[in-house]
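Participant: I have a structure I would like to understand better, so I am pasting it below and will then ask my questions one at a time.
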Amino acid sequence: MLRAFLVESILDSKMGSVEQQPDNLLVNVLQFLRSSTLFNDLLISAQEEAQKTSLRISELKKGVQNGLGSAGWDRKLRNAIYHFLQSQPKSMTNGILGSPEQLKEPLTYVRKAQLAWEKKILKSLNSMCTELTIPLARRRPEREQKDMMVRWTELGVDGPAFMRGSSGICRGIDLSQIRPVYAPKDFLEVVVSLQNPNCNSCGNVGSFDVPWGLIQVPMKVKTLNELRLQYSDMAITQCQTGVDDLSDIPAELFDNERTKLGRKVLSSKHAPISREFSKKGCPVSMRAELWSQILGVELDQVDHLYYEQLKAYVLQHDLLVDNLLYKDVKLTATNDDQYFVFEDFLYQVLLPFSRDTVVLKHFTQNSATPPKSYIRGKLGVEEFAVTYPPNGVIPFHGFAMYVAPMCYLYDDVVQLYFVFRKMYMHFFFRLHSVSSHPQGIVSLSLLFEHLLQAEEPELFYHLKQVGCQPLKIAFKWLMRAFSGFLASDQVLLLWDRVLAYDSLEILPVLAVAIFSFRKTNLMRVTTFNAAEAVLADLFTLQVLPLLQLALFSK
Amino acid sequence: MSRIKFATDFDKSVLLNNFENRGWIQVGAEDDWNFYWAGVHNIRNVFSVDSGFRLQDDQVINHFPNHVELTRKDLMVKNIKRYRKDLEKEGNPLAEKDESGRFAHLDFIPQTFMLPADYNLFVEEFRKNPNTTWIMKPCGKARGIGIFLVNKLSQLKKWSRDGKGNSFTPPTAKETYVISKYIDNPLLIGGKKFDLRLYVLVTSFRPLKVYMYRLGFCRFCTVKYNASLNELDNMFVHLTNVSIQKQGDDYNAIHGGKWTVQNLRLFLESTRGKDVSDKLFDDINWLTVHSLKAVAGVISNDRHCFECYGYDIIIDDNLKPWLIEVNASPSLSATTSSDRIMKYRLISDVVNIVIPPGDIPDVRWNKVPDKENYGHFDLLYDEELANADQAGQDLRAKAGLPNPALRGGIREQRKGSQATWK
């Protein structure tokens, strides 16, 4: 009976697209559901329904099904299946088989480039350890753990590695010696140097197939027309939150209806509906809830305990990455007039995040592989290998900015934590690993260059001629998903669309729009620094009109 | 048109750049100026009988002669208390009280006593609630000077012993203190305490014409807020004045601990919902208008004057705003680059509202600027317009039509009056 109920839900939520391989997928989904806590709850609910005195034995099955349906199980299961399918790589749901390695990244040369990059990062991390003579990890003495626990909500003051000595003298790692392992500029070099060995078109000076841009690899990216179709809900003829709900526009025109509809959507608690609704933007007061629904973050007791456990791990061990994260916050959010108030929240998210082994799961889809470290004295012995840091993610300069905008949405650190983790595992990891995935940074960079060339050939040519490749400026925007470059409300409006369309392709579209918008000034520049100055301050930009301009004006 | 001549007591770039960009000519304060941005200390000279000075129709100045009625802590409190009492006597519904005897709609300043004058009253109140913390502020000083916290009567006795070298001289403004209940449940954001600095422009008190600036900001403490008593001595925790915070180790010169009101609104609306944050900002507007109404009767409403006040407001964790004090001469020195831009705009927008567009100052002007000259200001309250509205409503009532402003009692009426602010 349960199986029938589930099959129905799955087929419904997939809307017939699974016809080719329904069985294989069904087995996967059922397995997933059986192993989830939801399954247990479902059984208990079914039991309760069955025990109701109003139920006749002859109609047991129907009665229980109806009961479960009216108790909202329908929706819960649909959401669970939806989120499960979302979390699977596309190739897996399409039933394409391959080695785990190929699932991570099908192209060998891309895989190699990523591997070489990881080695480089690790080497630089190790040399920092040697130079500063600090270990990658060390256990904190009892006293220090207690001290840190007391300071947990105000780590911004003294930092994670700070310790009050017995003589009352304070000692901490000299932060000035800690430097970010890499910055967007370094990573851009890696992306630019990517070459497809099977493609021999580059190098002939004067030939027409030499790309204008920096990205040299042939990958298929969407055309403007395809993007127009994809983002058709953002058309100028359609009212949008973030444009048509501003305070100087009468609420009767759009805002009232939108709010009413939004309330209905929220109460339905169904992820695909929330996603559809968000395509036209999330009203500010509903955003937090809509995002949680879209990402399937619904906190329970276990989640709170899990966060507490991560916190305990942070207290127990001092990791070198803590200093990197600390330094990163100090270099970015602390100096940012929009985010400095959230400094302490950022530590409370980022430090536990580095200890969270659930994050490792995303590496099945990520071309990157979590770095390994060995217990002292056992270098190279596989049994003594550990993932370092435990979540497998080495932060780069600006990493904290992935969290910062969300601090506006969630006052509760635990909620903030889980929403961020989901966002990272679904979207952000793609922005700093070398991959051929259409959502990966390489494809996004290429999409940016293609669109800009197609839409503003004159501008692109001019910038190229004066030695200012547009990607050199836009890359950091893409890599940070524009966080810290736009006003906070605008970043959130942009990320609304990322979530709603389940795609990062909106980022290069916005980058192109910004270049277009500042075209007049950019056409006058003759140096890289001048171009950079024209594009240095984006805080006055309104994201939506720009996106609409880029997508639909021509 | 002849060029406008301006005088100023401040050598501040936000002022000078503004005036010079308009092609104005700088003259001395003793010369024939059209526009004088004066310091509060000089305002007395300008208006004093002895100076023999008479302002002409083409002269405007940035202070009202007796602005201290609003901007000195003790006088403001006195005026607001009197305003409430008067309304109560009239039987005005605004002066309605709740079960605990507090004003339901006009309870927007923390409970305050004058010292030494109200010492006995204070002691009585202190004994009723011995566990509250109080904050002592000298009346005549600004920027956090001379402020300290008190939670034991003995601290106050010690202060009075130390202070009174000669008990026969009556206390001057400099020696009077106000002691106010300390807001010990402030709204914290990111665990940090903050207060609001809002700019309010008044172009006339009778009829009252008020504008609220949209680009106000929150000032954050650099140190984590901790209500425990052993932190009482750490003034960085409690005071958000930039001049105090600047001395702290953690002061950040890039943002100066300042966060825009837009960001505050984004945060509150995202985390607490639209209704709640709308109400907070409505309450702030409400408080501003009534603090001004409270002094409208006593301020000498000179036609040559306008004034841009700095309102300091603390929000508690129930999202209720409390008026802490009003500054007559909010700081125009810029601490950061965005601060400089904001203050430059502030002055520019003030000038556009107080001077008829493209003209020389004229006090006979009706002081109704076009909407497009508001800049980043919003018209908060115009008594003339509100009265016209009210008259319209009375007519409706006489004609037997329902009066939307009276339905549902006082809250509705409140909403009605707010609608006219916009």
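The values are calculated or read from the model by the stated rules, or taken from the named source; none is laboratory data. All figures in this text were calculated on a predicted structure; none of them were measured in a lab. Because the Cβ atoms are built from the backbone with ideal geometry, glycine has one as well, and the counts that use them run over all protein chains shown. For accessibility, only protein heavy atoms count, side chains too; no ligands or nucleic acids. Shrake-Rupley method; radii C 1.70, N 1.55, O 1.52, S 1.80 Å.
Participant: Suppose R0 equals 56 Å; then what is the FRET efficiency for B:ARG82 and A:THR237 from their Cβ-Cβ distance, rounded to the nearest 0.05?
Facilitator: The pair B:ARG82/A:THR237 has a calculated efficiency of 0.45.
Participant: If you plug each phi of the range B:184-197 into the Karplus form 6.51 cos²θ - 1.76 cosθ + 1.60 with θ = phi - 60°, what whole-Hz ³J(HN,Hα) values come out, in order, with x for Gly and Pro?
Facilitator: 9, 10, x, 5, 10, 10, x, x, 10, 8, 8, 10, 9, 10
Participant: May I pose another question? Taking the alpha-carbon distance from A:LYS76 and a cut-off under 21 Å, which lysines remain once sequence neighbours fewer than 8 residues away in the same chain are dropped?
Facilitator: The qualifying lysines are A:LYS14, A:LYS61, A:LYS62, A:LYS264, A:LYS269, A:LYS422.
Participant: Here's something else I'd like to know. Given labels modelled 7 Å from the Cα in the Cβ direction, how far is it in nm from A:LYS361 to A:LEU132?
Facilitator: Using points 7 Å along Cα→Cβ, the separation is 3.2 nm.
Participant: Less than 18 Å apart at the alpha-carbon level, and either on another chain or at least 8 residues along: which aspartates and glutamates does that give for B:LYS97?
Facilitator: Partners within reach: B:ASP86, B:GLU88, B:ASP107, B:ASP283, B:GLU412.
Participant: Along the Cα-to-C-beta direction of A:GLN309, a point sits 7 Å from the Cα; which residues of the range A:30-73 have their amide N less than 16 Å from that point?
Facilitator: A:36-38
Participant: State, to one decimal in nm², a quarter of the convex hull surface area for the C-alpha atoms of the range B:1-130, i.e. the direction-averaged projected area.
Facilitator: That works out to 13.4 nm², a quarter of the Cα hull's surface.
Participant: Same structure again: Using R₀ = 41 Å, calculate the FRET efficiency as 1/(1 + (r/R₀)^6) where r is the Cβ-Cβ separation of B:ASP378 and B:ASP32; round to 0.05.
Facilitator: The formula returns an efficiency of 0.75 here.
Participant: Shifting gears a bit: Run the quick spin-label model on B:PHE103 and A:THR153: label points 7 Å from Cα toward the beta carbon, then report their separation in nm to one decimal.
Facilitator: Output for this residue pair reads 3.4 nm.
Participant: To continue, here is another question. Along the Cα-to-C-beta direction of A:SER35, a point sits 7 Å from the Cα; which residues of the range A:287-309 have their amide N less than 19 Å from that point?
Facilitator: A:303
Participant: Here's something else I'd like to know. For the range A:444-449, take each phi angle, set θ = phi - 60°, evaluate the Karplus expression 6.51 cos²θ - 1.76 cosθ + 1.60, and give the result in whole Hz per residue in order, putting x for glycine and proline.
Facilitator: Once rounded to whole Hz, the list reads 5, 5, 5, 4, 4, 5.
Participant: Can you list the residues, at least 5 places off or on another chain, whose amide H is less than 5 Å from the amide H of B:VAL60, using H built in the peptide plane?
Facilitator: Placed amide hydrogens put B:PHE35, B:TYR36 under 5 Å from B:VAL60.
Participant: Still on this model: Report A:ARG78's accessible area, 1.4 Å probe, all protein chains in place, as a number in Å² to the nearest 10.
Facilitator: 60 Å²
Participant: Kindly state, to the nearest 0.05, the FRET efficiency for A:LYS123 paired with A:HIS317, given R0 = 35 Å and r defined as their beta-carbon distance.
Facilitator: 0.95
Participant: At 0.36 nm per residue, minus the direct Cα-Cα distance, what do A:LYS330 and A:THR520 gain on full extension? Give it in nm, one decimal, please.
Facilitator: 64.8 nm is the gain from fully extending A:LYS330 to A:THR520.
Participant: Do the alpha carbons of any pairs in B:LYS274/B:LYS320; B:LYS5/B:LYS367; B:LYS78/B:LYS181; A:LYS220/A:LYS372 sit beyond 22 Å of each other, and which pairs?
Facilitator: A:LYS220/A:LYS372
Participant: Points 7 angstrom from Cα along the Cβ direction at A:ARG263 and B:ASP389: gap in nanometres?
Facilitator: 2.5 nm
Participant: Given a 1.4 Å probe and every protein chain left where it sits, what share in percent of the accessible area of the range B:5-63 is carbon and sulfur?
Facilitator: 43 percent
Participant: Hey, another quick one. Provide the buried accessible surface between chains B and A in square angstrom, both chains summed, 1.4 Å probe, rounded to the nearest 100.
Facilitator: Between B and A, the summed buried area is about 2000 Å².
Participant: Another question about this same structure. Carbon-plus-sulfur fraction of the accessible area of chain A, 1.4 Å probe, in percent?
Facilitator: Ligands and nucleic acids excluded, carbon and sulfur give 55 percent.
Participant: Next question. Just to be sure I understand the interface: list residues from the range A:389-418 that lose 30 Å² or more of accessible area between the chain on its own and the complete protein assembly, 1.4 Å probe.
Facilitator: A:TYR408, A:ASP411
Participant: Solvent-accessible area per residue for the protein assembly as shown at a 1.4 Å probe radius, Å²?
Facilitator: So the protein assembly as shown comes to 46 Å² accessible per residue, rounded to a whole number.
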